[in-house]
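> Pasting a structure below so you can have a look.
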Amino acid sequence: MDAKTPAIELKNITKTFGKVVANKDICLTVHRGEILSVLGENGSGKTTLMNMISGIYFPDHGQIFINGKEAVISSPKDAFDYKIGMIHQHFKLVDIFTATENIVLGFKEKDGFNIKKSAQRIKEISEQYGFDLDPMKKIYEMSVSEKQMVEIIKVLYRGADILILDEPTAVLTPQETKKLFAILRRMRDDGKAIIIITHKLHEVLELSDRVAVLRKGEYVGSVETAKTSEAELTEMMVGKKISLNIERSEPKNPEDRLVVKHVNCMSIEGIKILDDVSFTARSGEILGIAGIAGSGQRELLEAIAGLQHIETGEILYNDPKTGAVEDLRDKNPLQIRELGVRLSFVPEDRLGMGLVGNMDIVDNMMLRSYRSGKTAFLERKEPKSLADRIIEQLDVTTPNANTPVRRLSGGNVQKVLVGREIAAAPTVLMAAYPVRGLDINSSYLIYNLLNLQKENGVAVIFVGEDLDVLIELCDRIMVIGSGRVTGIVDGRKTTKEEIGLLMTSRTDGGESNEQH
């Protein structure tokens, strides 16, 4: 086989779902010994395309060539036969099994199943590429990055030499990301073809050899990473020039708006989910919350909003209207909301939690104002103008304000959710993952909306996944690890590495290492 023959070549691949064209006439090549980043905004067709290479979907039209020969991939098994392995964003592992058991699960060994031999083979793969994995460790005892390693070794064990990774760093700390990148570079140097689906520009520039950009299901082009920049890639992704900077103003007359003291919460199973959490959120500033997914961020915001039972501790709210100090612990969610403490939580299940899918945008706006004592039928005018305003400001793609929310795309649903809370003129605005799944344009619109709230004297608490954004947007950043506050740092002076260390540290730094 000629070294110049691409490992994979896609020719005019098209895939539609009903009337939605997910991929249109995509042509793409990946060579051995290279890392190709497939870059594109959410909904640009990246995952659909990779699902066709890995046998989950079958193209409506077009051809796939593997090592120069046309291939028909109609199932994940076919993909494995072509030595293609995909590592999905959501891991498919059996919790009570060991790493080895998960790796060999469903794989027919030539000379029968032998756990010792398998463990030895896994050890060899680990040493070859630099994985740090105990083959006998059970999945439920592992960190997220260890689970990911199991998934990667699983496809290597089956002989994959074309690897596809879907958003592999979404759940990793900066330190774990570095480790993963080192492993991927070793695989590349070993002659494997690696495709990474991502939307994080700085990682694309750091890791890949080439970048292929998709926009709205179409292939825009590919560039050599060494010869491109964030600005050029953004322009390719979005189709127009965008300035990617968040204007961070200095907090004006900050006042302590919310003082959380020694809060403890237990889960239904009796596990501590918030462990002695204390911090202060001030008016006119954005307090960021960082942490590995599931470290207690959600429970903390729900506790403040009255949706999560608190075992011990206080949540004191200084009411700017009356000057009174209210303990939110004694109040129900409705009373807390009427004080001006608003929670905009963009959950994974956006429709399940925040909005009613069959109701239109106007009605979803009204969900927030029904309780103010006015009858629902008289008051459609105000929510209607609010809905129209949000549609216009946030560029919500919808026929009109009377469209049922379930017909909107995830990103547009999200804008309605965030816009609705901002429109309520809160004094404390808690926004959790408000840009999850949004394109760059909309993300920056929302960051700027949060900044406007801050400038209006609102205390903004922002839970985010992208550390680069947290550092650019927030005045202070509080890091949570396993339900404890592991540190509070100054957004203007901190680094991703410092936050990464706090995300995995077990000690309680509290307010002591806060830079005022």
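> Can you confirm whether region 94-104 contains a residue that is crowded, with 17+ Cβ neighbours inside 10 Å, closer than 23 Å to Val223 by Cβ and in the same structural domain as Leu165 (by TED's automatic domain parsing)? Give the derivation first.
First pass over region 94-104, keeping only residues crowded, with 17+ Cβ neighbours inside 10 Å: 98-104.
Applying the additional criterion that residues be closer than 23 Å to Val223 by Cβ yields none.
No: zero hits.
> From the list Glu247, Glu224, Glu302, Glu311, which residue is over 27 Å from His88 (Cβ atoms) and in the same structural domain as Glu34 (by TED's automatic domain parsing)?
Working: Glu247 fails: in the same structural domain as Glu34 (by TED's automatic domain parsing); Glu302 fails: in the same structural domain as Glu34 (by TED's automatic domain parsing); Glu311 fails: in the same structural domain as Glu34 (by TED's automatic domain parsing).
The conditions single out Glu224.
> Now for a different question. From the list Ile271, Ile336, which one is out of contact with any Pro (no Cβ under 6 Å at 6 or more places or on another chain), over 23 Å from Gln453 (Cβ atoms) and modelled with pLDDT under 90?
Numbers: Ile336 fails: over 23 Å from Gln453 (Cβ atoms).
Answer to the selection: Ile271.
> Within region 261-309, which residues are charged (D, E, K, R) and within 24 Å of Thr427 (Cβ to Cβ)? Working first, answer last.
Within region 261-309, the first condition is being charged (D, E, K, R), and the residues that meet it are 261, 269, 272, 275-276, 282, 285, 298-299, 302.
Lys261, Arg282, Glu285, Arg298, Glu299, Glu302, listed by residue number.
> Another one. Of the residues that make up region 151-161, is at least one modelled with pLDDT of 90 or more and under 30 Å from Ile471 (Cβ atoms)?
Yes: region 151-161 contains one or more residues that are modelled with pLDDT of 90 or more and under 30 Å from Ile471 (Cβ atoms).
> Which strands (runs of 3 or more DSSP E) does region 241-328 wholly contain that include 3 or more residues that are in contact (Cβ under 8 Å) with a residue 40 or more places away in the chain and farther than 29 Å from Pro174 by Cα? If you could, list the steps in order and put the result at the bottom.
Values: elements: 256-266, 272-282, 285-290, 312-318, 325-327.
Counting at least 3 such residues, we get 256-266, 312-318.
Quick grid of which residues meet (1) closer than 30 Å to Gly323 by Cα; (2) of a type in the set (A, V, I, L, M); (3) at pLDDT 85 or above:
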{"site": "Asn441", "(1), (2), (3)": "no, no, no"}
{"site": "Gln453", "(1), (2), (3)": "yes, no, yes"}
{"site": "Ile471", "(1), (2), (3)": "no, yes, yes"}
{"site": "Val485", "(1), (2), (3)": "yes, yes, yes"}
{"site": "Asp508", "(1), (2), (3)": "no, no, no"}
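> Do we find that Val213 is in a strand (DSSP E or B), in contact (Cβ under 8 Å) with a residue 12 or more places away in the chain, crowded, with 18+ Cβ neighbours inside 10 Å and not aromatic (Phe, Trp, Tyr) in this structure? Even if it seems obvious, please write down each step before you answer.
Details: in a strand (DSSP E or B): yes; in contact (Cβ under 8 Å) with a residue 12 or more places away in the chain: yes; crowded, with 18+ Cβ neighbours inside 10 Å: yes; not aromatic (Phe, Trp, Tyr): yes.
Taking the combined requirement at face value, the residue satisfies it.
> Then there is this: Could you list all residues from region 77-92 that are within 21 Å of Ser145 (Cα to Cα) and either at pLDDT below 90 or surrounded by fewer than 18 Cβ atoms within 10 Å (Cβ to Cβ) (or both)?
So the first thing to find is which residues in region 77-92 are within 21 Å of Ser145 (Cα to Cα), and the list is 85-92.
Those that are within 21 Å of Ser145 (Cα to Cα) and either at pLDDT below 90 or surrounded by fewer than 18 Cβ atoms within 10 Å (Cβ to Cβ) (or both): His88, Gln89, His90, Phe91, Lys92.
> Further question: Can you tell me how many residues in region 226-249 are at pLDDT below 85 and in contact with a strand residue (DSSP E or B) (Cβ under 9 Å, 6 or more places away or on another chain)?
At the first step, the residues of region 226-249 found to be at pLDDT below 85 are 230-231, 234-235, 237-249.
Next, from what is left, pick out any that are in contact with a strand residue (DSSP E or B) (Cβ under 9 Å, 6 or more places away or on another chain): 237-239, 248.
Matching residues across region 226-249 total 4.
> Would you pick out the residues in region 48-84 that are among the acidic types (Asp, Glu) and more than 15 Å from Leu28 (Cα to Cα)? Can you show your working first?
Of the residues in region 48-84, the ones among the acidic types (Asp, Glu) are 60, 70, 78, 81.
Selection gives Asp60, Asp78, Asp81.
> If Glu41 passes every condition in (1) in contact with an Asp or Glu (Cβ under 6 Å, 6 or more places away or on another chain); (2) within 22 Å of Val223 (Cβ to Cβ); (3) part of a loop (DSSP other than H, G, I, E, B); (4) modelled with pLDDT of 90 or more but one, which one does it miss?
The single condition Glu41 does not satisfy is (4).
> Could you name every one of the helices (runs of 4 or more DSSP H) located completely within region 69-177 that has at least 2 residues being of a type in the set (Asp, Glu)?
76-81, 115-129, 144-157
> Output the number of residues of region 467-490 satisfying the condition of being crowded, with 20+ Cβ neighbours inside 10 Å and either in contact with a Pro (Cβ under 7 Å, 6 or more places away or on another chain) or closer than 18 Å to Tyr444 by Cα (or both). First the steps, then the outcome.
At the first step, the residues of region 467-490 found to be crowded, with 20+ Cβ neighbours inside 10 Å are 467, 470-471, 473-481, 483-489.
Checking which are either in contact with a Pro (Cβ under 7 Å, 6 or more places away or on another chain) or closer than 18 Å to Tyr444 by Cα (or both) leaves us with 467, 470-471, 473-475.
Number satisfying all stated conditions: 6.
> Something else about it: Select from region 111-129 the residues that are surrounded by 18 or more Cβ atoms within 10 Å (Cβ to Cβ) and polar (S, T, N, Q) and write down the one among them that is modelled with the lowest pLDDT.
Here the residue is Ser118.
> Okay, next question. Name every residue in region 216-227 that is within 24 Å of Asp468 (Cα to Cα) and in contact (Cβ under 8 Å) with a residue 40 or more places away in the chain, in order of residue number.
Our first condition is that a residue be within 24 Å of Asp468 (Cα to Cα); within region 216-227, this holds for 223-227.
Listed by number, the list holds a single entry, Thr225.
> Continuing with this model, one more query. Which ones in region 2-31 are at negative phi and among the charged types (D, E, K, R)? Give the steps one after another, and end with the answer.
Within region 2-31, the first condition is being at negative phi, and the residues that meet it are 2-11, 13-17, 19-24, 26-31.
Matches in region 2-31: Asp2, Lys4, Glu9, Lys11, Lys15, Lys19, Lys24.
> Do you know which of the residues in region 5-38 that are touching an Asp or Glu at 6+ places or on another chain (Cβ under 9 Å) and among the small types (Gly, Ala, Ser) is surrounded by the fewest Cβ atoms within 10 Å (Cβ to Cβ)?
In this case the residue turns out to be Gly33.
> Go through region 454-466 and give me each residue that's assigned to a helix (DSSP H, G or I) and buried (at least 22 other Cβ atoms within 10 Å of the Cβ). Please lay out each step first, then the result.
Filtering region 454-466 down to residues assigned to a helix (DSSP H, G or I) leaves 454-455.
The one that is assigned to a helix (DSSP H, G or I) and buried (at least 22 other Cβ atoms within 10 Å of the Cβ): Lys454.
The values are calculated or read from the model by the stated rules, or taken from the named source; none is laboratory data. Here the structure is a predicted model, which is why all the values come from computation and not from measurement. When we count neighbours, we look across all protein chains shown, and the Cβ atoms used for this are built from the backbone with ideal geometry, even at glycine.
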